[in-house]
């Protein structure tokens, strides 16, 4: 059965991201690709937002701009009161370091380091990090912290990647196909970890996926087509990750 959102403190309505007529155009010689076509939206603190749509519809481009990995061609994008569209490379680097955690489809762990040491790489350069063992405990891997990536399953490696992303206490967690390389049972464990972080830390979480079933855990779902948000829905009753099937 669907379950209500029971996160401690309830929904905050503080704006975290505000986009106004956001566009992105890639040019290669005379070839022009319009990846984003005038996106306007607002995302509030603590939300879980799922981005659905076919490859090439603009999902990853948007996530990269929101994460400070790329810059918009025109329009405005604010993180709180910070206008990301006006920042230079140095400003974007500072923004990423202080506010954003990333989780990708491929785990990008250092194979010669243990799970604990992979997470510690982030905590050593963060302003107010949690302990690596604390971050690993949040994703259910406290008993595996001394294992190397080759000794961990794919789902465990992805949860180490999540622990690494959250160890600096980011306000925003951006996830690009975090279950794309996993079977359904393992993918559900990863979604559980992401939702657990959202519930315990209040981290605003965006998840790109091709898997339509995952939309049921979100507060809102953005459907992408041809560089636009073609539809937006709000889930009044969110499902728990354990209830998902795909």
Task: Whole-number D in µm² s⁻¹ for segment 54-173, Kirkwood Cα-pair radius fed into Stokes-Einstein, 10 °C, 1.306 mPa s - done: 104 µm²/s
TODO: Note the direction-averaged projected area, equal to a quarter of the hull surface, for the Cα convex hull of segment 12-98, in nm².
DONE: 6.3 nm²
Open item on the list: Using a 10 Å cut-off around each Cβ, can you sort 216, 134, 32 from fewest to most neighbouring Cβ atoms?
Closed with: 32, 134, 216
TODO: Quote the FRET efficiency, to the nearest 0.05, computed for residue 34 versus residue 112 with a Förster distance R0 of 45 Å and r equal to the Cβ-Cβ distance.
DONE: 0.60
Open item on the list: If I take the Cα coordinates of segment 62-130 and project them onto the principal axes, what are the three extents in Å, biggest first?
Closed with: 43, 26, 18
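Kindly provide the helix-only [θ] at 222 nm of the chain, computed as the sum of -39,500 (n - 2.57) over DSSP H runs of four or more divided by all residues, to the nearest 500 deg cm²/dmol?
Calculated at 222 nm, the ellipticity per residue is -8000 deg cm²/dmol.
Between residue 74 and residue 199, what FRET efficiency comes out of the Förster formula 1/(1 + (r/R0)^6) with R0 = 35 Å and r the beta carbon distance, rounded to 0.05?
So, using R0 = 35 Å, E works out to roughly 0.45.
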Task: With Cα atoms, 0 to 90° folded angle of helix 89-99 axis to the chain main axis - done: 50 degrees
Open item on the list: When 1/r is averaged over all different Cα pairs and the result inverted, which Kirkwood radius in Å belongs to segment 141-218?
Closed with: 13.0 Å
Task: Semi-axis lengths (Å, descending) of the ellipsoid that matches the C-alpha gyration tensor of the chain - done: 28, 21, 18
Open item on the list: What distance in nm separates the two pseudo spin-label positions at residue 186 and residue 150, each 7 Å out from Cα along the beta-carbon direction?
Closed with: 1.7 nm
TODO: Could you list the square roots of 5 times each eigenvalue of the Cα gyration tensor of segment 198-241, that is, the equivalent ellipsoid semi-axes, sorted largest first and rounded to whole Å?
DONE: 20, 12, 10
- [ ] With an 8 Å cut-off on Cα pairs and a minimum separation of 6 or more residues, tell me the relative contact order of the chain in percent.
- [x] 27 percent
Open item on the list: Taking 45 Å as R0, compute the FRET efficiency from the Cβ-Cβ separation of residue 233 and residue 124 and round it to 0.05.
Closed with: 0.65
Task: Spin-label pair residue 87/residue 225, simplified geometry with 7 Å Cα→Cβ offset, distance in nm - done: 3.3 nm
Open item on the list: Using alpha carbons only, how many angstrom separate the centre of segment 99-123 from the centre of segment 33-65?
Closed with: 24 Å
- [ ] Fewest Cβ neighbours within 10 Å first, please rank 99, 210, 147 accordingly.
- [x] 210, 147, 99
TODO: Would you order 204, 18 from fewest to most other beta-carbon atoms within 10 Å of each residue's own beta-carbon?
DONE: 18, 204
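Where a number appears in this text, it was derived from the coordinates with a stated rule and is not lab data. What you see is a predicted model; the values in this text were computed from it and never measured. Cβ sites come from the backbone with ideal geometry, for glycine too, and all protein chains shown count toward neighbours.
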